[in-house]
Amino acid sequence: MMAMVATCCTHRHPYQPLHRITLAHRLRSDVPLHCSCPSSVRRHHPRHGLYPSANPAAVAASPSLRVYATVPVSSALSPAAAANNNHIIQCLCRQGNLRQAMKLLSLEANPTQRTYEALILSCARCRGNDASSFADTVHQRLVDDGYDQDPFLSTRLIEMYAEFGAVGDARQVFERTREKTVFVWNAMLRTLALAGAGEEALPLLREMVASGVSLDSFTYSFLLKACICVPSHFSLAFRRIREIHGHVFRYGFESQVHVATTLVDAYAKIGQVLYARRVFDWMPVKNAVSWSAMISCFTKNERSFEALQLFHKMMAEDTDQNHKSFPNSVTMVSVLQACGGLSALEQGKMVHAYILRRGLNSVPSVVNALIAMYMKCGNMESGRQMFDSISNQRDVVSWNSMISGYGIHGLGKEAIRVFQEMISAGIPPSPITFVSVLGACSHVGLVEDGKRLFNSMAREHGLVPSAEHYACMVDLLGRAGHLEEAGRIIEEMRIEPGPTVWGSLLGACRIHGHVELAERASSRLFQMEPKNAGNFVLLADIYAGAKMWEEVGRVKKLLEAQNLQKLPGCSWIEMKRNVYTFLSVDEMNPQIEQLHALILRLVMEMKETGYVPETNVVLYDLDQEEKERILLGHSEKLALAFGLINSGSGEVIRITKNLRLCEDCHAVTKFISKFAKREIFVRDVNRFHHFREGLCSCGDYW
DNA sequence: CTAGGGTTAG
């Protein structure tokens, strides 16, 4: 017997009952819209109802809604058809034919609540310039017809204005609605969260409580969203989230999956990993979304290792009783990010295999994440292969991933070529495209190309350069030694140079040992980011390079006075499908003596060929021997020694580091690549270093 | 009638 599959009579795909379609589905143009077949078909064609899709003849013979919807407006106006006008307007709206629907509305005497709902939804979905004028017309007409006190339609209107980002209009509707149901309140809160007006959410909540409406789980979700949409004040957001968390707990909403997941995400977004973890661990019921939220919390907070650990735990839970915890495409995107973050190619390949097994390999976001993962793991061939395999469905993210991927490998010309190919393919570049391509130029000193691309932003692509783009230019020029020109760019900027811009300049000063300019840049940076230890360390680094030890001490006192800590150096290496972590000066490591011995032996050999340790990168005013000892403890050297000991002689070694690779480690790794005949990939925060036969792919320019 | 996680850069 053929399976009975209910299909939509208009579109002939399996339908979703109307009440299951969320607003998000309705508003997203890429999601096929399902017409409300069960209700409308039953109502208007009682004899037909649902039919099995297995019978094509029946499908073809059956009247479809499209027949109604394409009735020309003039004939729809005949008295016989007039009764159907409401239905026709609704159909036109569902088909996105708002213009026709509006025409009919002007002639229809009695639009119903359902008709207004359809019109509002259609306006919200419409992306054209007409949308807001249509919206105003609908709104006005609705008021004239006395529907403005209908809380259901008020909710819809508020949601529509939220979609336009028109908080004021939403607020007006909200204020004028006398009977404020919990839906009305929630819609208003959601609007504030969406518009980034989180500040107004708490006062609104107080009003809501005062009005006597009882809060529901949706209220808490929107409230939490509102708290994290004000990015500048993490500590304030933290206090607020904890306060809301307290309420959630007190009123027993913590056990609700949606609320708890939003809490996890809220803590994640402000960097409070421990709090997120605590909520997650206490969740009585977890599903794929909660797991994904926690995994992405780890990746987003530079704790990819824990993200992978959690993913493995998630798969272990993936049993018959727990089928709701199946990893899905969103999970995979975060997991792939984690693999990329650690340059864990073997892990990445395993995840890729899992993706194929689960049939998630055709989801665009997953493919894009795969491209980025392979590029970040140093496997450009596989990245390119993935990119080529979607030649018909590349979006701006796919292109950006390739461009930045080539960039971090130091293949600037290749990155520019891909960029041009993208333009020829008619894909409009995004601001991120330019950050990527300018970054690619910067890595290899393609100054002229970079300037040309920067100028083309506004001229050819209608994009206004942001502070990030200026920072790219300052980096490009500064690195290449054009410090004065970099400084001029900052002076001539039309927008306020943010910390990224000054940071780039400071970085350039470090490379070229420009103390005076560094002092200027850092004083601006200290004002803007008083708590960013990295800036202080960079300045101290520059002083150390100039052997100005008193100044080094002064900067370090500044750090200590504020109780700020230098971000500890940390390296990862993947060996036999395991990821190992090394910290700088890693006394706890069980193999530490063996590792030190190996490094020491290699360094001795190197000294015979003329190597001199780069002790200037050590920020302590110690004697030479002590400095050299500190250099030996750098995390990347430990990881490298571990890799040499624990792998076969021909194997490629891949290491990732959380900071910039230091000069000494760079020199040592070059030597080892030749001496031990090893190919060694090291990815630092900025880019790849591919060591082979005593040379590095960066050409010592990094 | 409403809700939760994700893709590129720095």
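The values are calculated or read from the model by the stated rules, or taken from the named source; none is laboratory data. All of these numbers come straight from a predicted model, not from anything done at the bench. Cβ coordinates were reconstructed from backbone atoms using ideal geometry, including for glycine residues, and neighbour counts include every protein chain displayed. Just the protein is used for accessible areas: all its heavy atoms, side chains included, with ligands, DNA and RNA removed. Shrake-Rupley method; radii C 1.70, N 1.55, O 1.52, S 1.80 Å.
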Quick one: plug the Kirkwood hydrodynamic radius of the stretch A:415-515 (C-alpha pairs) into Stokes-Einstein at 20 °C, 1.002 mPa s, and report D in µm²/s. 157 µm²/s
Fraction of accessible area attributable to carbon and sulfur, chain A (%, probe 1.4 Å): 54 percent
For the stretch A:321-472, what does the relative contact order come out to in percent, with C-alpha contacts under 8 Å and a separation of six or more? 16 percent
Under DSSP loop assignment and at most 16 Cβ neighbours within 10 Å, longest GluC sites (Glu not before Pro)-free interval of chain A: A:303-586
Measure of exposure for A:Cys696: accessible area at 1.4 Å probe, Å² rounded to 10, is 20 Å²
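In whole Å, what three semi-axes, largest first, describe the equivalent ellipsoid of chain A built from its Cα gyration tensor (square root of 5 times each eigenvalue)?
Output for chain A: semi-axes of 55, 29, 27 Å.
So, for chain A, what is the accessible surface per residue at a probe of 1.4 Å, expressed in square angstrom?
In whole numbers, chain A has 48 Å² accessible per residue.
Which shape class applies to the stretch A:466-567: rounded if a/c is under 1.5, otherwise prolate when a/b exceeds b/c and oblate if not, where a ≥ b ≥ c are the square roots of the Cα gyration tensor eigenvalues?
Oblate.
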From the Cα centre of the stretch A:496-542 to that of the stretch A:410-440, the distance in Å is 28 Å
Space enclosed by the convex hull of the alpha-carbon atoms of the stretch A:287-393, per residue, Å³: 84 Å³
Taking 8 Å as the Cα distance limit and 6 or more residues as the minimum spacing, I'd like the relative contact order of chain A as a percentage. 5 percent
For A:His689, what residues show an amide H to amide H distance below 5 Å, using hydrogens built from the backbone and excluding near sequence neighbours? A:Val682, A:Arg683, A:Asp684
Starting from the Kirkwood Rh over alpha-carbon pairs, what translational D in µm² s⁻¹ does the stretch A:567-702 have by Stokes-Einstein at 4 °C and 1.567 mPa s? 87 µm²/s
Of A:Thr191, A:Thr112, which has the most accessible area with a 1.4 Å probe, and how do the rest follow in descending order? A:Thr112, A:Thr191
Show me the trypsin sites (Lys or Arg not before Pro) within the stretch A:436-495 that DSSP assigns to loop and that have at most 13 other Cβ atoms within 10 Å of their Cβ. A:Arg494
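Which value, in debye to the nearest 20, gives the size of the charge dipole of chain A about its Cα centre, when Lys and Arg are +1 and Asp and Glu are -1 at the Cβ?
Numbers: 75 positive and 70 negative charges, 453 e Å.
Around 2180 debye, computed over chain A.
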Please give the FRET efficiency for A:Asn658 paired with A:Arg99, using the beta carbon to beta carbon distance and R0 = 41 Å, rounded to the nearest 0.05. 0.15
If I take R0 = 22 Å and measure r between the Cβ atoms of A:Gln113 and A:Asp216 in this structure, what FRET efficiency does the formula 1/(1 + (r/R0)^6) give, to the nearest 0.05? 0.45
Compute the FRET efficiency between A:Leu202 and A:Asn646 as 1/(1 + (r/R0)^6), taking r as their Cβ-Cβ distance and R0 = 60 Å, and round to the nearest 0.05. 0.65
Dipole of chain A, positive end: most advanced residue of A:Leu476, A:Ser697, A:Trp399 [Cβ charges, Cα centre]: A:Trp399
Using DSSP H assignments, which helices in chain A have an axial alpha-carbon span of 27 Å or above and a mean Kyte-Doolittle hydropathy of 1.6 or higher? none
What nm value, rounded to one decimal, do you get for the distance between A:Lys677 and A:Val257 when each label is placed 7 Å out toward the C-beta? 5.6 nm
From the convex hull of the Cα coordinates of the stretch A:215-285, what is the mean projected area in square nanometres? 4.0 nm²
Can you show me the helix-derived [θ] at 222 nm for chain A, built from DSSP H runs with n ≥ 4 at -39,500 (n - 2.57) apiece and divided by the number of residues, rounded to the nearest 500. -19000 deg cm²/dmol
